[in-house]
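Just passing along the structure, written as structure tokens.
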Amino acid sequence: MTPSTDFFLSFDAPESVKKHVVNACYDCHSNTTKYTWFDNVMPIGWWVDNTILKGKTSLNFSVWEQYEGWHKLNLLSAIEFDLKTSKMPPKNYTEYHKSAELSNDQRQEIIDWISTIDRPSLVISKTNNYNYAQD
Ligand code: HEC
């Protein structure tokens, strides 16, 4: 089930971009974690839980629409940076979860799509009622 606040409901992304991001990021950065990749590595279960918790605290694609505009901007930059530097998905995860690995082309495809997002529109909030014309 995709929550109504999911990242990809806010943006019109190509199917392939969605697929790559869900595949490589959603296990740790969404409320739809599939606990399959560590099924046979139970002793490190605590590590997995901790990693997912930390991952979700820094970025949770499932609650994207609940983030403030400034927070969305920071996260988009961080996502771009982590993709460019291959920091994400973490290597110690893809080692055991090969299907979550991203090729350089796939990384580039996501980065290129992110660069098309209209960032100013993210910080122009509907609830911003300041009347700048006042003084
Ligand atoms: C195995 C779990 C895991 C996966 C899969 C994963 N991440 Fe992360 N991510 C984390 C953890 C843990 C943190 C927080 C700690 C840290 O910074 O290392 C984090 C932090 C982040 C942050 C916050 C800024 C930062 O660098 O600390 C961003 C942005 C991010 N991840 C993006 C992504 C993207 C994009 C993907 C998919 C391409 C992804 N992550 C896949 C675990 C994961």
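Which of the residues that make up the range 64-97 are of a type outside the set (A, V, I, L, M), near the ligand (Cβ under 8 Å from one of its atoms) and at pLDDT 95 or above?
Result: 81, 82, 87, 89.
Continuing with this model, one more query. Between residues in the range 100-120 that are closer than 23 Å to residue 72 by Cα and residues that are surrounded by 10 or more Cβ atoms within 10 Å (Cβ to Cβ) and among the acidic types (Asp, Glu), which pairs lie under 6 Å by C-beta distance while being six or more apart or on different chains?
111/80; 114/80
For the range 102-116, which positions are more than 10 Å from the ligand (Cβ to nearest atom) and either among the hydroxyl-bearing types (Ser, Thr, Tyr) or outside any helix (DSSP H, G or I) (or both)?
Matches in the range 102-116: 103, 115, 116.
Now a separate question. Being within 22 Å of residue 113 (Cβ to Cβ), surrounded by 14 or more Cβ atoms within 10 Å (Cβ to Cβ) and charged (D, E, K, R) is the filter here; which residues of the range 54-98 pass it?
Listed by number, the residues that qualify are 72, 80, 82.
The values are calculated or read from the model by the stated rules, or taken from the named source; none is laboratory data. Because the structure is a prediction, the values reported are computed rather than measured. Neighbour counts are summed over all protein chains in view; Cβ atoms, including those assigned to glycine, are modelled from backbone coordinates with ideal geometry.
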